[in-house]
Amino acid sequence: MVESPRSFPYHGRAMKIRLHHPARETVVAGPKKVWQVLHELDIVPETVLVIRNDELVAEDDMMNDTDTVEIRPVISGG
């Protein structure tokens, strides 16, 4: 389970994380791998896309505390 994430503004060294559905922002101390961030936020990796600085990243990619990260839900249609 996730400890209460901090709300913006946060003046320490941490990744800025923007989440959707519901829209919210939080911070996570880095550096960490993508899967570690998702685990900390209690998010199932297969349900989201993780975008760092406008680029899609994989679960094993390392993210630093200077990164801006967006986590979007996977949406499929037909």
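Details
- Theoretical gain in end-to-end length, SER76 to LEU56 [0.36 nm per residue, Cα-Cα removed]: 5.5 nm
- The stretch between THR47 and LYS33, if pulled fully straight at 0.36 nm per residue, gains 3.3 nm over its current Cα-Cα span.
- Using only Cα coordinates, the Kirkwood hydrodynamic radius of the stretch 15-73 works out to 11.0 Å.
- Counting every other Cβ atom within 10 Å of each residue's Cβ, GLU70, GLU55 order from fewest to most as GLU55, GLU70.
- Each of MET62, HIS39, VAL28 was placed along the dipole of the stretch 15-73 (beta-carbon charges, centred on the mean Cα), and the one lying farthest toward the positive end is VAL28.
- Distant-in-sequence amide H partners of VAL48 (H built 1.01 Å from N, under 5 Å): VAL74
- Taking GLU46, GLU59 and counting other C-beta atoms within 10 Å, the order from fewest to most: GLU46, GLU59
None of the figures in this text is laboratory data; all of them are computed from the coordinates on show. All values derive from a computational prediction rather than experimental measurement. Note that we place each Cβ from the backbone using ideal geometry, even for glycine, and neighbour counts take in every protein chain shown.
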